[in-house]
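J.: My questions will all concern the structure given below.
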Amino acid sequence: MIRLLALLCLLCFAQPALAECDGTDLRTTLTDEERAQLAAELDGVPFPAGNHWRATRDGRDIHLIGTMHLSDPRLDAPVERLRGVVERADLLLLEMTQEDEEALQTRLASDPSFLMLMLMDTTLPELLAEEQWQQMSEALSARGIPPFVASRFQPWYVSMLLAIPPCVDLETMSGSGMDARLQAIARAAGIPRAALEDAATIFAAFTEQPQEMQIDMMLSALVEPGVSEDLFETLLASYFDEAPAEGWAVSTILAERYSPIDPDEAAAIFGVMEEQLLVDRNRAWIPVLVDASQTHETVVAAFGAAHLPGADGVLALLEAEGFTLERLPF
């Protein structure tokens, strides 16, 4: 999701080179009450940990690699460990191939309205209280985004922009995450690549939400820059700990802690995001994965790590299809 967001940002305005982030992993700051909530949310969750799994059925393998879409030097070691896995595959499946990204970029540059990124009949200053728009303007400016440009962005789009801390350099962030590196290995080895879904799928999940919920989503992302950096680092740290279920659960808890909107409303937003950005897409990917395994002896599927765990995660859904799951080194 963040990789797609970075792509959209780069299409809209030039980003300056920004300072490196210096956030803190907030998992160490959880209160006793929050720890109890985390334990309850993780209790009984299928496949809560691991960024590399193998699903086997009828002598055919699918390597499932949980990725992050950001550049980070900590990716160097796991990418090298996974190089042979990709090079021996018959097919690499991704959320979006490089060709898909390029086609999307070309279309967005000529017609940004096709993904409903822009408000047609109003502006954000008209939808928000004056104080809210002032806060929004300051947050956008800190990210190098001119408020007069963002004033016509759809609220959901602004919420995604605000999810990235001001310290992040989007230009370098978008091109060398785990997905991009694995794809480069496949290209060099001549391994065919394909997408798990249509490039516009994730955007439709946002645009279908009522405007009121989109506004709440946008306001919920309006946190202090330091908090934004800490939330960002918490997500990264949980990824490198191979704890995707914990990472997602902690994110929901911290959203309730820091969100400027009502905690119940923040929880409702997370519920919608989980259903449409994870669960619905997971279910849609299963036929693609199953079909690929029937026509290729070894498939590698690389996608955001949050899609792996849970009763509606890719791993549990494949197990229900008769696959045997085995956690492998990452």
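J.: Among the numbered criteria (1) in a helix (DSSP H, G or I); (2) in contact with a Pro (Cβ under 6 Å, 6 or more places away or on another chain); (3) at pLDDT 85 or above, which single criterion is violated by residue 222?
T.: Result: residue 222 passes all but (1).
J.: Further question on the same structure: Go through the residues of the range 179-189 one by one and say whether even a single one is out of contact with any strand residue (DSSP E or B) (no Cβ under 7 Å at 6 or more places or on another chain) and in a loop (DSSP other than H, G, I, E, B).
T.: No, the range 179-189 has no match at all.
J.: Turning to a different aspect of this structure: Would you point out which residue out of 133, 156 is more than 30 Å from residue 285 (Cα to Cα), touching a helix residue (DSSP H, G or I) at 6+ places or on another chain (Cβ under 6 Å), of a type in the set (Phe, Trp, Tyr) and part of a helix (DSSP H, G or I)?
T.: Of 133, 156, the one residue that is more than 30 Å from residue 285 (Cα to Cα), touching a helix residue (DSSP H, G or I) at 6+ places or on another chain (Cβ under 6 Å), of a type in the set (Phe, Trp, Tyr) and part of a helix (DSSP H, G or I) is 133.
J.: Which residue, of 179, 100, is within 18 Å of the chain's Cα centre (by Cα), under 24 Å from residue 330 (Cβ atoms), surrounded by 15 or more Cβ atoms within 10 Å (Cβ to Cβ) and touching a residue at least 60 places away in the same chain (Cβ under 8 Å)?
T.: Going through 179, 100 in turn, the sole match is 179.
J.: Assess whether residue 66 counts as being of a type outside the set (S, T, N, Q), part of a helix (DSSP H, G or I) and modelled with pLDDT of 95 or more.
T.: Numbers: of a type outside the set (S, T, N, Q): yes; part of a helix (DSSP H, G or I): no; modelled with pLDDT of 95 or more: yes.
Spelling it out, it is not the case that residue 66 is of a type outside the set (S, T, N, Q), part of a helix (DSSP H, G or I) and modelled with pLDDT of 95 or more.
J.: Enumerate the pairs (first residue in the range 183-196 and closer than 20 Å to residue 297 by Cβ and β-branched (Val, Ile, Thr); second residue anywhere and at pLDDT 95 or above and surrounded by 13 or more Cβ atoms within 10 Å (Cβ to Cβ)) with beta-carbon separation below 6 Å, excluding pairs fewer than 6 apart on the same chain, so at least 6 apart or on different chains.
T.: Correct list of pairs: 185/83; 185/86; 191/89; 191/92.
J.: Let me ask you something else. Which one of 242, 256, 326 is among the acidic types (Asp, Glu) and in a helix (DSSP H, G or I)?
T.: From the options 242, 256, 326, the qualifying one is 256.
J.: A further question follows. Here are some residues: 238, 251, 228. Which one is hydroxyl-bearing (Ser, Thr, Tyr), modelled with pLDDT of 85 or more and in contact with a Gly (Cβ under 7 Å, 6 or more places away or on another chain)?
T.: It is 238.
J.: Out of all the residues in the range 277-288, is one or more farther than 20 Å from residue 66 by Cα and in contact (Cβ under 8 Å) with a residue 60 or more places away in the chain?
T.: No: zero hits.
J.: Here is a further query. Please specify each residue of the range 237-266 satisfying the condition of being free of Cβ contacts under 8 Å to residues at least 40 places away in the same chain and under 18 Å from residue 312 (Cβ atoms).
T.: The answer is 251, and nothing else.
J.: Of the conditions (1) under 26 Å from residue 327 (Cβ atoms); (2) of a type in the set (Asp, Glu); (3) assigned to a loop (DSSP other than H, G, I, E, B), residue 121 clears all except one; give me its number.
T.: (1)
J.: Which of the residues belonging to the range 136-153 are out of contact with any strand residue (DSSP E or B) (no Cβ under 7 Å at 6 or more places or on another chain) and in a loop (DSSP other than H, G, I, E, B)? Give the derivation first.
T.: As a first pass, look at the range 136-153 and keep what is out of contact with any strand residue (DSSP E or B) (no Cβ under 7 Å at 6 or more places or on another chain): 136-151.
Residues satisfying the conditions are 143, 144, 145, 146, 151.
J.: So which residues in the range 197-209 are of a type in the set (Val, Ile, Thr) and either surrounded by 18 or more Cβ atoms within 10 Å (Cβ to Cβ) or free of Cβ contacts under 8 Å to residues at least 40 places away in the same chain (or both), if there are any at all?
T.: Initially, the range 197-209 is screened for residues of a type in the set (Val, Ile, Thr), giving 201-202, 207.
Once the filter is applied, which keeps residues that are of a type in the set (Val, Ile, Thr) and either surrounded by 18 or more Cβ atoms within 10 Å (Cβ to Cβ) or free of Cβ contacts under 8 Å to residues at least 40 places away in the same chain (or both), the range 197-209 yields only 202.
J.: Next question, about the same structure. Quick test of your reading of the structure: residue 39 fulfils all but one of (1) closer than 26 Å to residue 231 by Cβ; (2) in contact with a His (Cβ under 9 Å, 6 or more places away or on another chain); (3) surrounded by fewer than 16 Cβ atoms within 10 Å (Cβ to Cβ). Name the failing condition by number.
T.: Looking at each condition in turn, residue 39 falls short on (2).
J.: Name the residues in the range 256-273 that are in contact with a helix residue (DSSP H, G or I) (Cβ under 6 Å, 6 or more places away or on another chain) and within 22 Å of residue 67 (Cα to Cα), would you?
T.: 270
The values are calculated or read from the model by the stated rules, or taken from the named source; none is laboratory data. From a predicted model like this one, the values you see are computed outputs, not experimental measurements. So basically every Cβ, Gly included, is an ideal-geometry build from the backbone, and we count neighbours across all protein chains shown.
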